Structure formats: C-alpha cells, structure tokens
1. Out of all the residues in segment 84-100, which are farther than 18 Å from V113 by Cα and assigned to a strand (DSSP E or B)?
2. Scan V66, V75 and give me the residue that is part of a strand (DSSP E or B) and closer than 25 Å to Q117 by Cβ.
3. If you check every pair at least six apart or on different chains, which have Cβ atoms under 9 Å apart with a residue in segment 38-67 that is not assigned by TED's automatic domain parsing to the domain that holds T92 first and a residue that is exposed (fewer than 10 other Cβ atoms within 10 Å of the Cβ) and in a helix (DSSP H, G or I) second?
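The values are calculated or read from the model by the stated rules, or taken from the named source; none is laboratory data. Given the structure is predicted, the values throughout are model-derived calculations rather than measurements. We place every Cβ from the backbone using ideal geometry, glycine too, and count neighbours over all the protein chains shown.
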Amino acid sequence: MLYPLTNHACVAALFAADAPAPAGPAANPQADLLKMALPLILMFVIFYVLLIRPQQKKAREHQALVTALKPRDKVVTSGGMFGEVISIKDKTVTLRCGESKLEVLKSSIAEVVERPQAGGESKS
C-alpha cells in the first residue's frame with residue numbers, strides 16, 4: 001500500500017527547492033536579463049505583425065480611397081447608404097441618394113462602387 005509523503009518529507013522538499021545552486025561558474029546577470037526580456041520582446045513583435053501592421057495598412061488604403069474621390073463616383077457609406085458624390089469639401093462629401101442630398105464625413109465612405117468612365121458618356 002502506498003502512503004503519501006510525510007510532513008517531514010514535504011518540508012525537506014520545500015527547503016531543497018530554495019537551496020542555492022551548487023557552486024559552479026558564476027551566472028551572468030546580462031544573460032538573465034536577456035532571458036527575462038526575450039518573451040516580452042517576442043510578444044511585442046507578434047502583436048506588431050498580427051495587429052498593428054495590418055491596421056496601419058488598412059488605414060493607409062482607406063486614406064488613399066478618400067483622397068481619390070471625385071464627383072460622380074458611386075460610393076457606399078459605412079452606414080450602408082448608396083450615393084453619388086456631388087461635391088467634395090475638406091472634411092465632408094455631398095452625396096445624392098435618390099432624390100435627397102446628404103452631407104457626410106469623408107471618413108464614413110466605406111468603398112467606391114463605381115467610377116465614371118474616363119471618356120465620358122454622351123447623351124443623345
């Protein structure tokens with residue numbers, strides 16, 4: 001029959017864990033610091049690659065989309081409204097949605113659905 005460790009064995013095991021390492025080559029404090037900092041540095045690199053960098057790329061693409069807006073572009077706002085760009089100001093865009101005109105922030109333009117043809121359409 002197996003018996004659990006006695007109190008004396010548990011106490012001895014705890015003190016053995018706290019005992020200093022046997023005498024050997026002196027530990028390098030800089031190596032210890034590097035071992036402690038390496039996981040933090042690695043986590044920062046992973047966060048940068050997986051979270052920060054893609055978000056910056058998406059923001060740059062959205063900024064390029066907003067600066068390339070021109071009148072007569074058909075766009076969708078982040079609220080889901082379709083409209084045609086009538087005029088562009090510093091921070092706002094005037095859209096024609098059906099029979100009404102709306103003034104929305106440039107940042108609320110989610111995507112350009114259709115751009116007018118470069119040659120222009122002639123009405124007959």
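1. Step one: filter segment 84-100 for residues farther than 18 Å from V113 by Cα, giving 89-92, 99-100.
Matches in segment 84-100: T92, S100.
2. Values: V66 fails: part of a strand (DSSP E or B).
Going through V66, V75 in turn, the sole match is V75.
3. none
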